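Here's the structure we're looking at; comments come further down.
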Amino acid sequence: MSAGGSESRIGTIKAVPVRHPGRWVAAVAVLVLAAMLVNNLVTNEAYNWSEQLKYLFAPPVLQGVRNTIWLTVAAMGGGVLLGIVLALMRLSANPLLRGAAWIYIWVFRGTPLFTQLLIWGNIGALFPTLGLGIPFGPEFVTAHTNALYSAAAAAALGLVFNEAAYMAEIVRGGIQSVDVGQQEAASALGLTRTQALRRIILPQAMRVIAPPTGNEAISMLKNTALVAAVPYTELTFTVQSIYSNTYQIIPMLIMACVWYLFLSSLMMIGQHYLERYYGKGHAR
């Protein structure tokens, strides 16, 4: 039988696309929910958008935003530096250094940040005076803790010491992701351990360190709201002060969320470019 005759008997194959009714049902459900949300935002007077616009760029709110930004920068800068030190201690051959770093990380990761900030805010009750002198001996200079200590310092120190515990594990994981042969090759070239770490190990480890560090920075931006425990006038504390007088609780909290979303969006953009920079040659 000829090929042409076989084709005529079988007939033309008609491809039928696979049906996906579940996708259409899910799409309709999402559209309905989106329409309900938009309708609520437009018709619900409890949002009081005019009140939000009134305070969006008010001087107290802008001051709260500035305090939030500098707290985030200070906490991440100090946390990264201290975290690197703790990570190197964890990787040290000295068991005393390893043990001290492990205990630090255990304590600060195992207790709530809010509780830690409460302690930092009341540190004067634990150490009434601060002094310089010989350990377990006489002090040459002493001063009252509350005279040297401010709410800003308490908030910054609380965030730095907490963040360092998380950054230590991130940095340690990044360093350990680099093949051990890199360190051996650096030693063969005559580089010291510090030179190898700075010039060879850390640049390669940054590909692993950068993404979680960006996430930690965004989380830190939101964690600054917890310094109300000190208390310190960052963004959330500021809007709380406003709505305690105006009784416009929801509008003020929504306005704070708008500011947080704006700042975190800028940080996400920066994180994207940072990851792309350190991920050169590894993009999939």
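Here are a few things to note about the model shown:
- Of all residues making up region 260-284, the number that are over 16 Å from the mean Cα position of the chain (by Cα) and either part of a helix (DSSP H, G or I) or of a type outside the set (A, V, I, L, M) (or both): 9
- Of all residue pairs spaced 6 or more apart or on separate chains, those with beta-carbon atoms under 9 Å, a first member in region 144-156 that is without any contact (Cβ under 8 Å) to a residue 60 or more places away in the chain and a second member that is assigned to a loop (DSSP other than H, G, I, E, B) and surrounded by fewer than 18 Cβ atoms within 10 Å (Cβ to Cβ) are HIS144/PRO128; THR145/PHE127; THR145/PRO128; ASN146/PRO128.
- Residue check, ILE200 open to solvent by less than 50 Å² (accessible area, probe 1.4 Å), assigned to a helix (DSSP H, G or I) and at pLDDT below 90: yes
- Condition broken by THR224, with the remaining ones in (1) over 16 Å from LEU117 (Cα atoms); (2) of a type outside the set (Lys, Arg); (3) in a helix (DSSP H, G or I) satisfied: (1)
- Verdict on GLU51 being open to solvent by 60 Å² or more (accessible area, probe 1.4 Å) and charged (D, E, K, R): no
- Checking TYR104, TYR166 one by one, the residue that is part of a helix (DSSP H, G or I), open to solvent by less than 50 Å² (accessible area, probe 1.4 Å), hydroxyl-bearing (Ser, Thr, Tyr) and touching a helix residue (DSSP H, G or I) at 6+ places or on another chain (Cβ under 8 Å) is TYR104 and no other.
- Applying the condition of being free of Cβ contacts under 8 Å to residues at least 24 places away in the same chain and either over 17 Å from the mean Cα position of the chain (by Cα) or part of a strand (DSSP E or B) (or both) to region 108-118 and asking which residue is farthest from LEU148 (Cα to Cα) yields GLY110.
- Meets criteria (under 19 Å from ARG276 (Cα atoms) and either open to solvent by 50 Å² or more (accessible area, probe 1.4 Å) or in contact with a His (Cβ under 9 Å, 6 or more places away or on another chain) (or both)) for SER187: no
- Residues considered: ILE170, ILE175, ILE209, ILE218. Of these, the only one that is under 22 Å from the mean Cα position of the chain (by Cα), modelled with pLDDT of 85 or more and more than 24 Å from MET267 (Cβ to Cβ) is ILE175.
The values are calculated or read from the model by the stated rules, or taken from the named source; none is laboratory data. This one's a predicted model, so the numbers in the text were calculated from it and none came from an experiment. All Cβ positions, glycine included, derive from the backbone under ideal geometry; neighbour counts span all protein chains shown. Please note that ligands, DNA and RNA were not included when accessible areas were found on the heavy atoms of the full protein model with its side chains. Shrake-Rupley method; radii C 1.70, N 1.55, O 1.52, S 1.80 Å.
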